[in-house]
Each structure stands twice: as C-alpha cells, then as structure tokens.
There are 2 protein chains.
Amino acid sequence: MKKISRERTTDMFNQTAYGLGAAPNPIREVFEYGRRQAALVGPENVFDFSLGNPSIPAPEQLNQSIRQILDTQSSIRVHGYTSGAGGDLLRTAVAENLNRRFDRHAGPENVFITCGAAPALLAAITALTVPDSEIIAIAPYFMEYRPFTEGAGSRFVLVSADLPNFQINLDALDAAVNEHTQAVILNSPNNPSGVVLSEETLRRTAVLLTDKAAKYGHPIYILADEPYRELAYDGVKVPFIPNIYPNTIVCYSWSKSLSLPGERIGYVYVSEEAADAKEVFSAVAGASRAIGHICAPSLIQQAVAACIDCMPDLEAYDINRKLLWHTLTEYGYECVKPEGAFYLFVRTPGGNNSVFVEKAKKRNLLLVASEPFGVEGYLRLGYCVSKDMIERALLIFREIL
Amino acid sequence: MKKISRERTTDMFNQTAYGLGAAPNPIREVFEYGRRQAALVGPENVFDFSLGNPSIPAPEQLNQSIRQILDTQSSIRVHGYTSGAGGDLLRTAVAENLNRRFDRHAGPENVFITCGAAPALLAAITALTVPDSEIIAIAPYFMEYRPFTEGAGSRFVLVSADLPNFQINLDALDAAVNEHTQAVILNSPNNPSGVVLSEETLRRTAVLLTDKAAKYGHPIYILADEPYRELAYDGVKVPFIPNIYPNTIVCYSWSKSLSLPGERIGYVYVSEEAADAKEVFSAVAGASRAIGHICAPSLIQQAVAACIDCMPDLEAYDINRKLLWHTLTEYGYECVKPEGAFYLFVRTPGGNNSVFVEKAKKRNLLLVASEPFGVEGYLRLGYCVSKDMIERALLIFREIL
C-alpha cells in the first residue's frame, strides 16, 4: 500500500482525548514505582500507602450468591441484557434499602444502575448541564470531577474546604454560587481527607442553597458522591443528604462497601422529592446512553441485589486507622480526625510536599501528595493495607519527621 | 423549605440528554408491546421477532470458569480493579487469539478492554474526532452510530449500501469521502441485513480509502464494528479487515459470540500497523476515561480469558435461519441471503412498512420496520428465537402476504 503523507500531524487524532489518555496519573505512578522497587528490594521493604483499593475481601455471601445464580437460573436470564436503568430486581432492592434505612419513599423509578460511581457522576453532571452552567466542587476533591464537568460542558468551580476541619467553608460557597450554578458536588466520607460532613454543616449548606435557588429562580442540586457511605468509624453516622436537602442526587458505588471495585456497579438515585425528578432521571438515562451505557453487568446486578443489606466488616480498617492516627499524632504529625473512608490526611511536616515525599521515597515509604486533590501541603495515606506494613512503616515515619 | 420558583423551565436540565433518555426506542417499544400482549392472549400466541438477544446459552465452560475463579483466587484479585485498559491476562489472550486466527502481530498494548461494543465504538469515534471531522457510516446502520458521532463532535455522514445485495456502494462512498473524513464505520456481519461484506468489496474499499488518504494527506481509518464476527453460516469466512487495510480499528464484543450481552465486555483493537497506532490507542484510553470508564468488569474479564477460543454453537440459529429464509422465499417474500448475524432483512410486501407492520401486529406478529436503520421498505426479523415460534409464525406470514 502507498505510504500516507503526514501533513496534518497536529490534528490526526483527538488531542484532548490523547491528552487525557497519555497524561500521567500521579497516584498510579507512585504505585507503579512501588512495584518496581518491590522487585528490587523485596516487597516487605516497600511501604506503599498510595492506593485506595479495598483490602478486605468481598463478603462470602457475594460469591455464594454468584454460585447460586449460576446454579439455578438460565444462562439467558443470568447473562442477558437488563433494561438500561438496570434490572427491576436490583432497582427495587436499592429503593427498599433506602426506604428502610433512611425513611425514604423511593421506588425503582428513582434508581438508575450504573457501571460504578464514575459514570454515575458523569451522567448526573451531564444531566444538569445547561447553557452557561457551573458546577461547584469542594477542595480537596476527586480529580475526575474536573474532566467530567468540563467534558459535559459546564464550568468547573472550586471552593476550598474549611481548614483544618475540612467541613464546608460556607462563606466561600456563598461567594461562589451565582445564577449559573446548577449543582454542588459533596463527597462524604471524603476522599482524601477521611472527614464526614456533619449534620450541622449540611443543614447550613441546605439553607444557603435554598436561599440562592429562590433568588435565582431555579433549583440548585447537591450531587452527593457517596462511594464511602458505609465506611464510618467510632459510631459516627453519615447523614443522608436527601433527608436534609430535597434537590439531591446520590451517586453510589458498591466498590468499597462490598469490596468489588473491579466489578463496576453503582447507581444514581434521583431523590423522589427533587425538583423535576422525572425529567432529571430521563436526562441521566440519556446521558448514560450517550456514553455507550447499555446496562450494568447483569450477573453482578443480581449478586448485589442478594447482598443488598450486607454491611462491610470494618474492623481491619478501624484497627489500621487507630494505629496509624494515634501513633503519627504521638510522633508529632498533624492530622485531621479520620471518621470515614480509609484515608488519613496528614499535614506535611515542613510544609513542602515535594521535599518530604522525596525523603520518604528514599526510604521506600510511598505517599501521595495532596496537590492532585486541589490542596497543598498534605499527604494522603490509604490505610487499606496490612497492619504489619503499617507497623514497620511507622518506624520510618518517626525517623524522617 | 421554600418553594422554588420556576422561571427557567426550559433549561433546568440538559435538554439533549433528556431527549436521548426520553426518546422512544422503536425496537424496545415493539418488545414491550409484545410483553403486554403475551399477558393478554398468552405468550404462545405472540410472535415477537423484534429483539437481537442471543437465544443460545453461554458455553458451559464460561460458568465453570467463573466457579473456578471464585474457588481458587483471592477476592481482591477476582473483584479488584484491573488497569484501565484491562487486565494483562485478557489483553494478552485477545492478542494471541488474533495472532493465531488471523496471522497478526498484536500485543496486549494494542488491545483496550471495554464494557462492550458500544463504549468501544464511542471511544474509537471520539479518538478520531478532530476539528471539522466527518465519520461515514453505511446504511442500514446501527442507530447509536449517529448520537455517538455527533456527541463526539464529528459530522455523521450516511452512505447507502449497494441494494439489493447490501455490499458497499463504492461510487457513493467515493462521493462522500472528502478532506474532513476521518473514518468509515463498517459492520459485518451486518445488523440488520445479515450480510457479510465480501473480500472483494473490502479490497476495493481499501484501495479507495488509500487513494483518498494519499490525496488528502492524512490517514482515513476503518472502524470495524464486529459484534457478530463469529456468527457466519454456510462456511462463509468473515474477512479480517486489518489484514486488508492497515488503518483499521476493530470494535468487538463477546455479547453474541459467548451469549453474554448483559455482562458488558468487549474490546478495541488498534491494528499494530495503523498510522499513529500508539497515539490513537492513548486517545481511545483518554476517550474512555472521559466517559467514566475505570475498567471492564473484572470477574468476567478473567472468565472470558479462560474461554478465549470458545466458538458459539450456531446450530440452533442456523436451523432457524434456513427454515425462515426458505419458507418465506417460497411464499414469495424477497430477502437478501442472510450469511451472518441472526437477522433476516425482508423486503416489505407492498413496500409500505407502516401498513404491513400494523397488519402483522393485528395477528400478534411483531416485526421491526427498517426506518430506524436508515433504509425504507424492509423488515428486520431477529431469528434468535425458538424454532417452535417460527413454525407457528410462518402460517401468519403466509396469510398476511
């Protein structure tokens, strides 16, 4: 075949998509470095706190349910398409679970099953994007919020959390909301800070958004990004935001609560009390269709429905959390009290992330700097690791302080 | 809470997404009507040819593999994240399968595992979208091509197939390709026509596109949409397009070949010989990231890897195909010879689809009109149904002719 000339090299393929695909992922890079180091110095000498992968196994009931589904149902029913919004079985199970736990009046028509939290969020953000719209997130924030928002066509507006407690800075939020604001993304329990937004914070936020909505003559939604909902410690209750603010859309995932992040299963719950709930739900469905969503994986839909009331056994995380938090605090590290998720957010000693992260790296202690989350001078430690690794890593933490 | 005023009703939520989500799906509507009728008159009296759902079960080896994976591996490994492009296991299995079957030199770095063919196509279309770009499809075509293309930002250009044999109309294609053309989507075996594009058609198309690419100074890609690759009858060989045209990107799904459409698993294979193969692959990864793809479902990835060489047992489809085609032809229906997929594309007697479809519907014979596929005057019959239903339906076909 003839060789093709290459005059259009700058626009031969999608530069934005290429940029997203070729961009280094700062967290993944730390992890990959850890793997290479482990091969050199032995895995027992590498202390990798970079990832947010559940380290407790999925409940045995989940695998039992999968076996039972395979044993008792026809292949067509197990592996066949469900409707785009998900099978009735799981949608109904989710609605009933919300009704039982949070005194809601949800039906399957309010629940759209997705391939995990990421496409749930993207669909919700897209559903609320209108001409000139803006979507607000609170820093520190999950780094995909920005490309999802900008990709959908909304302006991404960042508001700092109230440091050092990482609740919402209401003055900053008040200043950021304007007539273009369509939604505020809240993530509680929070990645990376581990903080749970308090009932008081949420009530004050609800009053603020209600007043602003009245002023601007249109609803302003809360997008509640809740993959860590079930991961709270010390008896802390994570408030259910739809009970505080009607215009709430919940984006949920079973990745952490059932320890199956690879299986890609979650949901969007458009509160039955939200303004234009039916239309927003249809827009979530349309936004999902536009990104090639056909349905969430069918076998796992059924398996999750069978485990809908399973709660994670948090004991291993809790032991790690207490050990790491108490000991680091004792050594003199400053750290916000971690009430949820499985992260500790530690103030960087000396304040300079690149210096401290490098210093730790020389001892094979691998930490993630906070800059990708939109704040400076913190380190994220995922404690979804073995207790044994934490114990050995603490010696290094002490030495490098 | 204060009641929210509603002055912005026209742009309270995303109108495009709402339109996509609320739009009636003509095929799904026929199916839903069939379900309602079945409840009224009994399922044995409804003859529904509307859907394209596999009716043969997944190979038993697949379910066995799932059981074995659950029995022998840790939960973290089974249900944990894989890398965004998929686990090495399945990517390598796909590459080796292509190398064995089609004499390729693919490696895992050429294979991106997706949640089925739809997001694979969307990612490939997005990856090739540049300013002012156009993407060509051949009618009849799968109806999501248009929203995927327009959503990505390319112009969607439709070229008619060469009727009545449904190969490619090369004169029409020649006229449609211009300096903005980035790709031509080919779907063989074809939904809805059941036609397999011949080696000769593909060779002539390759020559045409190679000449055009030289003329315009940039590559023009073929996007080979191949969910029906393994479904061919009468010993017909489906040519592997990357062996005919180097600038090919294959979008594949195991939905039909392993009868697991609900499990959402497929891949993009960027030919190792394609222009800018690495960059296009990164753009596919970035386009996937932008739509909230984290990874394809992890358990099913492993199960499919274990079944990589399984071919579907087509006997049931083939019996249906022959029965339906021979008998309808005998009755006087005109129909293109169905060599692949599981559809028969029948010329509408009298030429008026709405009249004939209504007439059939009164007898509870449910057919899909061809208009949503971009051609007029045909009916699509999915023969992935029971032989018994076909036998009884044939009496009605005879009566209403």
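Scanning the stretch B:71-99 for residues being closer than 17 Å to A:I56 by Cβ and either free of Cβ contacts under 8 Å to residues at least 24 places away in the same chain or not small (G, A, S) (or both) gives a total of 8.
Looking at A:R100, A:R91, which one is in a helix (DSSP H, G or I), surrounded by 13 or more Cβ atoms within 10 Å (Cβ to Cβ) and basic (K, R)? Steps first, please.
Numbers: A:R100 fails: surrounded by 13 or more Cβ atoms within 10 Å (Cβ to Cβ).
Step by step, each of A:R100, A:R91 is checked, and only A:R91 is in a helix (DSSP H, G or I), surrounded by 13 or more Cβ atoms within 10 Å (Cβ to Cβ) and basic (K, R).
Exactly one residue among B:F142, B:F148 is within 14 Å of another protein chain (Cβ to nearest Cβ), aromatic (F, W, Y) and assigned to a loop (DSSP other than H, G, I, E, B), and that residue is B:F142.
B:D103 meets the conditions (1) among the acidic types (D, E); (2) away from chain A (no Cβ under 14 Å); (3) without any contact (Cβ under 8 Å) to a residue 60 or more places away in the chain in every case but one. The failed one is (3).
Within the stretch B:332-381, being over 28 Å from B:K237 (Cα atoms) and among the polar types (S, T, N, Q) holds for B:T348, B:N352, B:N353, B:S354, B:N364.
Can you find a residue in the stretch B:171-186 that is open to solvent by less than 10 Å² (accessible area, probe 1.4 Å), under 24 Å from B:D132 (Cβ atoms), outside any strand (DSSP E or B) and among the hydroxyl-bearing types (S, T, Y)? Before you say what the answer is, go through the steps one by one.
Taking the stretch B:171-186 and keeping what is open to solvent by less than 10 Å² (accessible area, probe 1.4 Å), we get B:173, B:177, B:181-186.
Among the residues that remain, those that are also under 24 Å from B:D132 (Cβ atoms) are: B:173, B:177, B:181-186.
Filter once more, so that each one left must be outside any strand (DSSP E or B): B:173, B:177.
With the extra rule that they be among the hydroxyl-bearing types (S, T, Y), the set shrinks to none.
Checked against the condition, which is being open to solvent by less than 10 Å² (accessible area, probe 1.4 Å), under 24 Å from B:D132 (Cβ atoms), outside any strand (DSSP E or B) and among the hydroxyl-bearing types (S, T, Y), the stretch B:171-186 yields no hits at all.
Scanning the stretch B:67-88 for residues that are among the polar types (S, T, N, Q), within 23 Å of A:S65 (Cα to Cα) and in a loop (DSSP other than H, G, I, E, B) turns up B:Q73, B:S74, B:T82.
Got at least one residue in the stretch A:233-240 being crowded, with 24+ Cβ neighbours inside 10 Å and modelled with pLDDT of 95 or more? Checked the stretch A:233-240: no residue is crowded, with 24+ Cβ neighbours inside 10 Å and modelled with pLDDT of 95 or more. If you filter the stretch B:70-100 down to residues that are hydroxyl-bearing (S, T, Y) and more than 24 Å from the chain's Cα centre (by Cα), you find that the one that is nearest to the other protein chains (Cβ to nearest Cβ) is B:S75.
The conditions of being open to solvent by less than 10 Å² (accessible area, probe 1.4 Å), in a helix (DSSP H, G or I) and more than 10 Å from every other protein chain (Cβ to nearest Cβ) are not met by B:A120.
For the stretch B:252-283, a residue qualifies if it is surrounded by 24 or more Cβ atoms within 10 Å (Cβ to Cβ), touching a strand residue (DSSP E or B) at 6+ places or on another chain (Cβ under 9 Å) and more than 7 Å from chain A (Cβ to nearest Cβ), and the qualifying residues are B:Y252, B:S253, B:W254, B:S255, B:I265, B:G266, B:Y267, B:V268, B:Y269, B:V270, B:S271, B:F281.
Taking the stretch B:192-214 as the range and being more than 14 Å from every other protein chain (Cβ to nearest Cβ) and touching a strand residue (DSSP E or B) at 6+ places or on another chain (Cβ under 9 Å) as the test, the residues that pass are B:P192, B:S193, B:G194, B:V195, B:V196, B:L197, B:S198, B:E200, B:T201. The one condition from (1) out of contact with any Phe, Trp or Tyr (no Cβ under 8 Å at 6 or more places or on another chain); (2) within 14 Å of chain A (Cβ to nearest Cβ); (3) part of a loop (DSSP other than H, G, I, E, B) that B:G52 does not meet is (1). Among the residues making up the stretch B:284-312, those that are open to solvent by 20 Å² or more (accessible area, probe 1.4 Å) and more than 7 Å from every other protein chain (Cβ to nearest Cβ) are B:H293, B:Q302, B:A306, B:I308, B:D309, B:C310, B:M311, B:P312.
Residues considered: A:A120, A:A58, A:A124, A:A93. Of these, the only one that is modelled with pLDDT of 95 or more and in contact with a Gly (Cβ under 7 Å, 6 or more places away or on another chain) is A:A120. So, in the stretch A:334-356, how many residues would count as being within 10 Å of A:A369 (Cα to Cα), hydroxyl-bearing (S, T, Y) and crowded, with 18+ Cβ neighbours inside 10 Å? Summing the residues that are within 10 Å of A:A369 (Cα to Cα), hydroxyl-bearing (S, T, Y) and crowded, with 18+ Cβ neighbours inside 10 Å in the stretch A:334-356 gives 1.
Taking the stretch A:186-225 as the range and being aliphatic (A, V, I, L, M) and in contact (Cβ under 8 Å) with a residue 60 or more places away in the chain as the test, the residues that pass are A:V195, A:V196, A:L223.
Considering A:P246, A:P227, which residue is part of a loop (DSSP other than H, G, I, E, B) and under 23 Å from A:Y343 (Cβ atoms)? It would help to see each step written out before you state the result.
Numbers: A:P246 fails: under 23 Å from A:Y343 (Cβ atoms).
One residue alone meets the criteria, A:P227.
The condition of being out of contact with any Pro (no Cβ under 6 Å at 6 or more places or on another chain) and modelled with pLDDT of 95 or more holds for only one of B:S271, B:S282, that being B:S282.
If you check A:E109 against the conditions, is it within 14 Å of another protein chain (Cβ to nearest Cβ), open to solvent by 10 Å² or more (accessible area, probe 1.4 Å), over 19 Å from B:A296 (Cα atoms) and at pLDDT 95 or above? Yes; evaluated as a whole, the condition is true for this residue.
Taken over the stretch A:363-376, the residue count meeting the criterion of being under 27 Å from A:D162 (Cα atoms) and open to solvent by 10 Å² or more (accessible area, probe 1.4 Å) is 6. Filtered by the rule that a residue be over 26 Å from the mean Cα position of the chain (by Cα) and open to solvent by 50 Å² or more (accessible area, probe 1.4 Å), the stretch A:318-330 gives A:T329, A:E330.
If I go through the stretch A:56-66 residue by residue, how many of them are outside any loop (DSSP other than H, G, I, E, B) and either crowded, with 19+ Cβ neighbours inside 10 Å or in contact with a helix residue (DSSP H, G or I) (Cβ under 6 Å, 6 or more places away or on another chain) (or both)? First the steps, then the outcome.
We begin by selecting, within the stretch A:56-66, every residue outside any loop (DSSP other than H, G, I, E, B); these are A:60-66.
In the following step, the residues that additionally are either crowded, with 19+ Cβ neighbours inside 10 Å or in contact with a helix residue (DSSP H, G or I) (Cβ under 6 Å, 6 or more places away or on another chain) (or both) were identified as A:62-63, A:65-66.
Qualifying residue count for the region: 4.
Just one residue in the set B:T16, B:T10 is more than 8 Å from chain A (Cβ to nearest Cβ), assigned to a helix (DSSP H, G or I), closer than 30 Å to A:I135 by Cα and modelled with pLDDT under 95; that residue is B:T10.
B:N25 passes all but one of (1) open to solvent by 60 Å² or more (accessible area, probe 1.4 Å); (2) under 30 Å from A:K278 (Cα atoms); (3) more than 10 Å from every other protein chain (Cβ to nearest Cβ); which number fails? Failed condition: (3).
The values are calculated or read from the model by the stated rules, or taken from the named source; none is laboratory data. Here the structure is a predicted model, which means the values were calculated and not measured. Cβ coordinates were reconstructed from backbone atoms using ideal geometry, including for glycine residues, and neighbour counts include every protein chain displayed. Ligands, DNA and RNA are stripped out before the accessible areas are found, and what is left, the full protein with its side chains, is counted by its heavy atoms. Shrake-Rupley method; radii C 1.70, N 1.55, O 1.52, S 1.80 Å.
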